[in-house]
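The values are calculated or read from the model by the stated rules, or taken from the named source; none is laboratory data. Keep in mind the model is a prediction, meaning the values are calculated, not measured. Methodologically, a virtual Cβ is constructed for each residue, glycine included, from the backbone with ideal geometry; neighbour enumeration extends over all protein chains shown.
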Amino acid sequence: MGGAQLFWISRAEEIKKGDWAAFETYCARPLDQNYFIFEADELSDAHPLLKLVARSGKRMDFEGQNTKSGMEVLRAKLRSAGKKLTPDAWEALEERLGGSLKLMDLALDQLVLYSERSEIDETQVRDLTKAFLHYEPFDLTDALIRGDISEALKIFNFFYELSDDLTQITGLIHWQLKRIWQAKQILAHGPNQAELAKTLRIPPFRMAPFLKQVERFEIKRVERLLHLLWQFDWDAKRGAVNERAAMETFLAKI
């Protein structure tokens, strides 16, 4: 009597391989209007879920395909300007701008305009973005941890006026909170900074302050904040709230 049903299962990578048998049986004769969404940070190509998806569903690699295509556009812009970034420079740019393609695009415009060399290295990226940006996403979560809401609101408004896109700001906050959550998961199995740096792509200069942030966040609090951020994003996208006021309220709640 309820019509269509939607089942959303997060952290699918934690489901044991042997536990997929019942769902495989269901997929042989699925009910109409029943939909399953599985989320996972990473799965091997041999994973049972991906085999089921190949037969009965659709795979969407948000963090891979979308980011990859966006980065190709940025690389093409540099090539057309006769410029090139070293691998370390790309990593520094992504870290400094929270993985936001729009903000990275704005920074690249400045790099193309002011860099005299054809190859731009990490030092140039850091120097220019430091002059171009008064803050970075790392500063926002740091202000929130310290309970400095006035500073957090100042940083939020800086990024909002820079990009004029609240979706980008929501993405910046989510990017940093998600990294903190992932770090808590990794460190729960023992202190392994090498794995942390590789998985989350934390550069050496950022590791010590990042670990301090991680230590000061309880896992339940991070999960609560991610839920509140999702709720804000949902309300904003369906026009249920004034976006800017709602984001300021969200930050004040933290």
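Some points to look at:
- Scan of region 102-113 for residues that are within 15 Å of M71 (Cβ to Cβ) and either of a type in the set (D, E) or touching a residue at least 60 places away in the same chain (Cβ under 8 Å) (or both), ordered by number: K102, L103, D105
- Test: residue in region 6-29 that is among the aromatic types (F, W, Y) and exposed (fewer than 10 other Cβ atoms within 10 Å of the Cβ): yes
- Qualifying residue in region 78-94 (condition: in a helix (DSSP H, G or I), in contact with a Pro (Cβ under 9 Å, 6 or more places away or on another chain) and among the hydrophobic types (A, V, I, L, M, F, W, C)): yes
- Some residue of region 118-133 being small (G, A, S) and without any contact (Cβ under 8 Å) to a residue 60 or more places away in the chain: yes
- Applying the condition of being assigned to a helix (DSSP H, G or I) and either surrounded by 14 or more Cβ atoms within 10 Å (Cβ to Cβ) or among the acidic types (D, E) (or both) to region 232-245 and asking which residue is nearest to the chain's Cα centre (by Cα) yields D233.
Residue by residue, here is whether (1) closer than 21 Å to T129 by Cβ; (2) in contact (Cβ under 8 Å) with a residue 40 or more places away in the chain; (3) surrounded by fewer than 10 Cβ atoms within 10 Å (Cβ to Cβ) holds:
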residue	(1), (2), (3)
A4	no, no, yes
G70	yes, no, no
K77	yes, no, no
A81	yes, no, no
S100	yes, yes, no
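- When K184, K212 are screened for being on the phi < 0 side of the Ramachandran plot, assigned to a helix (DSSP H, G or I) and surrounded by fewer than 13 Cβ atoms within 10 Å (Cβ to Cβ), only K212 passes.
- Of note, K154 satisfies the criterion of being in a helix (DSSP H, G or I), in contact with a Phe, Trp or Tyr (Cβ under 9 Å, 6 or more places away or on another chain) and either of a type in the set (V, I, T) or without any contact (Cβ under 8 Å) to a residue 40 or more places away in the chain (or both).
- All of E195, E223 fail the test of being surrounded by fewer than 16 Cβ atoms within 10 Å (Cβ to Cβ), assigned to a helix (DSSP H, G or I), modelled with pLDDT of 85 or more and of a type in the set (D, E, K, R), apart from E223.
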